[in-house]
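A short write-up of the structure that comes next.
What follows is calculated from the coordinates using simple rules that are stated; it is not laboratory data. The model shown is predicted, which means the values in this text are computed figures rather than measured ones. Virtual Cβ from ideal backbone geometry, glycine too; neighbours counted across all protein chains shown.
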Amino acid sequence: MPVIRPTWRQDKAASGGGALIDLGVSALDLCLWIVGYPEVGKISCAIHHGDYDVEDAATLMFESVGGVVFSIEVSNRLFAGEDRFYARVMGVEGAGSLPPLQVYKQFGGRPLDVTPRQPRPRGGENAYTNAYRRQIDQFVRGVSGQLDPELPEEQVALMSLIEAAYASAEAGHEVEL
């Protein structure tokens, strides 16, 4: 594994945490968005610290009050062959994943590909570049007063779940909310 020169990111007092707080918040937000932001009832988390004060990997399992279960795995330094960010949803009547977007539903006991056709982004650019361009456009509209700012309640709720995940890892068992 390559030697990484320590920066503020490896100092818990400066960064607040490692892979869980860096990557886990985005992954958690995506999972909650996919399943409709249910109320989370239980969290279980295990972390790996490696050579630094902060974790370089975390595995989390969340269970909603209604019984929806999802898991997240994040790492800054563990070798996986390539950097990847993906989501997979599996249910009793269908499944989906991204990237690339794929959606399957069960019809007559068999999986059927019901992935919606995606329009080609403008100018022939790839989907990542197009999404990044739209984020920049929205930011510019926000700072220029063309959009109302988003209120931080959702981010506060996400951080309370991340804090509960850290509490679970420290306690070594599942935490009920």
- Long-range amide H partners of residue 89 with built H, under 5 Å: 96, 97
- Per-residue HN-Hα couplings for the stretch 96-111, Karplus 6.51 cos²θ - 1.76 cosθ + 1.60 at θ = phi - 60°, whole Hz, x for Gly and Pro? x, 8, 7, x, x, 5, 9, 10, 10, 10, 8, 10, x, x, 10, x
- Message: Can you sort 47, 34 from fewest to most other Cβ atoms within 10 Å of each residue's own Cβ?
- Response: 34, 47
- Query: residue 138: net charge of surrounding residues, Cβ under 14 Å, Lys/Arg +1, Asp/Glu -1, itself excluded?
  - Reply: 0
- Query: Along each of its three principal axes, how wide is the spread of alpha-carbon positions in the stretch 8-176, in whole angstrom units, largest first?
  - Reply: 50, 45, 36
- Task: Using only the Cα atoms of the stretch 90-177, build the gyration tensor, take square roots of its eigenvalues as a ≥ b ≥ c, and label the shape rounded, prolate or oblate: rounded if a/c is under 1.5, else prolate if a/b is larger than b/c, else oblate.
- Result: oblate
- Rounded, prolate or oblate: which fits the stretch 59-110 when a ≥ b ≥ c are the square roots of the eigenvalues of the alpha-carbon gyration tensor, with rounded for a/c under 1.5 and prolate only if a/b beats b/c? oblate
- Message: Under 5 Å between amide hydrogens, which residues at least 5 positions from residue 115 or on another chain qualify, with H placed 1.01 Å from N in the peptide plane?
- Response: 103
- Residue by residue, what Karplus-based ³J(HN,Hα) values in Hz, rounded to whole numbers, does the stretch 144-158 have, using 6.51, -1.76 and 1.60 with θ = phi - 60° and x for Gly and Pro? 8, x, 7, 10, 6, x, 6, 7, x, 4, 5, 5, 5, 5, 4
- Which value at 222 nm does the chain reach when only helices count, each DSSP H run of 4 or more adding -39,500 (n - 2.57), with the total divided by all residues and rounded to the nearest 500 deg cm²/dmol? -9000 deg cm²/dmol
- Neighbourhood charge, 12 Å Cβ-Cβ cut-off, centred on residue 175 and excluding it, Lys, Arg +1 and Asp, Glu -1: -4
- Note on the structure: the chain, Gaussian network, Cα under 10 Å: of 73, 63, 93, the residue fluctuating most is 93
- Over the stretch 8-176, what relative contact order in percent results from Cα pairs under 8 Å that are six or more residues apart? 22 percent
